[in-house]
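The values are calculated or read from the model by the stated rules, or taken from the named source; none is laboratory data. What you see is a predicted model; the values in this text were computed from it and never measured. Please note: Cβ atoms are built from the backbone with ideal geometry, for glycine as well, and neighbour counts cover all protein chains shown. Accessible surface is based on the protein model in full, side chains and every heavy atom, while ligands, DNA and RNA are left aside. Shrake-Rupley method; radii C 1.70, N 1.55, O 1.52, S 1.80 Å.
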Amino acid sequence: MGEHKVYTPYGDTSDMVQTGDLGGQRVAFIPRHARNHRIPPHAINYRANIWALREMGVKAILAPAAVGSLQKDHAPGELVFVDQFIDRTRGRMDTFYDGGPVCHVSTADPVCPDLRRLLNERAKALRLPHHVSGTYVCIQGPRFSTRAESNLFRSWGASVIGMTMYPECVLAREAQICYATIAMVTDYDCWMTGRVVDNQEVVRTMKANVDKVRRLLADVVPRISEKRPCSCGRALEGAMV
């Protein structure tokens, strides 16, 4: 296990990049909120984090994220391997190409299909309660939604709500890194009558979810192959103007 300071054109990463070995696979980790959870979601330097991971040679990102449920059948304690997002953030820097060449990268399918397939296969094998797909509404934060907003997102057919998937997944696509979110349902969002999102409830469920995700990562990471059938590593082909 080592720690590395990676200098980027976009400033500091959320924290030092930690590296180590998991099942024979070399891994790197950045706590997006920093250690002790001191950086709120709207203030995370997403560009620096993704740039640093690319500089470290990372080819695939598995991104656990706490989310609220927008559907009755997505219960607290379950995992959702989302395949779509809806962006409801404001002012987040979401491209590496904001000067010089123009890049129109495709995010029609923003999550790596190969990583999602592997996550679903291994979650099933481990008997972890999960959903094979879903739409993630990414809100600005740090506040939670109003009931009106929560019900609007439900009416769109969205599955879960969180604050960090965007622009993380878009920047990973521009960096030509495979990316998949592991959405950990911690609570029902406030659309449910009589409910208010409770931070203490979120923390309790989050701890239980972390154990599941650790088991999943320990199983999945050694199975990630350098030769994946997806096109993530060629995302910039035809994207530059």
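Around Cys230, under 14 Å between beta carbons, what's the net of Lys plus Arg minus Asp minus Glu among the other residues?
Summing Lys/Arg as +1 and Asp/Glu as -1 gives +2.
Using the Cα centre as the reference, give the magnitude of the dipole from point charges on the C-beta atoms of the chain (Lys, Arg: +1; Asp, Glu: -1; all else neutral), rounded to the nearest 20 debye.
That gives the chain a dipole magnitude of about 380 debye.
Between Lys227 and Met1, take the C-beta separation as r, use R0 = 30 Å, and let me know the FRET efficiency to the nearest 0.05.
E between Lys227 and Met1, to the nearest 0.05, is 0.65.
Using 7 Å Cα-to-Cβ label points, what is the Lys207/Ala43 separation (nm, one decimal)?
Between Lys207 and Ala43, the label points sit 2.6 nm apart.
What dipole magnitude, in Debye to the nearest 20, does region 79-208 give about its Cα centre under +1 on Lys/Arg Cβ and -1 on Asp/Glu Cβ?
Using Cβ point charges on Lys, Arg, Asp and Glu, region 79-208 gives about 420 debye.
Of all the stretches in the chain, which is the longest one without any exposed loop site, taking GluC sites (Glu not before Pro) in a DSSP loop (any state but H, G, I, E, B) with at most 11 other Cβ atoms within 10 Å?
Value returned for the longest uninterrupted segment is 1-225.
Helix 199-220 sits at what angle to the longest principal axis of the chain, using alpha carbons and giving 0 to 90 degrees rounded to 10?
Helix 199-220 and the main axis of the chain meet at about 40 degrees.
Rounded to whole Å, give me the distance from the Cα center of region 212-241 to that of region 1-63.
16 Å
Take the alpha carbon atoms of region 1-63, find their radius of gyration, then divide it by 2.2 N^0.38 Å using N residues; give the quotient.
1.08
Would you mind calculating the relative contact order of the chain from Cα pairs under 8 angstrom and at least 6 residues apart, reporting the percent as a whole number?
It rounds to 28 percent for the chain.
Could you provide, to the nearest whole Å², the per residue accessible area of the chain with probe 1.4 Å?
That works out to 49 Å² per residue.
Throw me the Rg/Rh for region 101-206, computed over C-alpha atoms with Kirkwood Rh, two decimals.
Using Cα coordinates only, the ratio equals 1.00.
With Cα Rg over 2.2 N^0.38 Å as the read-out, I listed (1) 0.98; (2) 1.09; (3) 1.19; which label goes with the value calculated from this structure?
Here Cα Rg over 2.2 N^0.38 Å agrees with entry (1).
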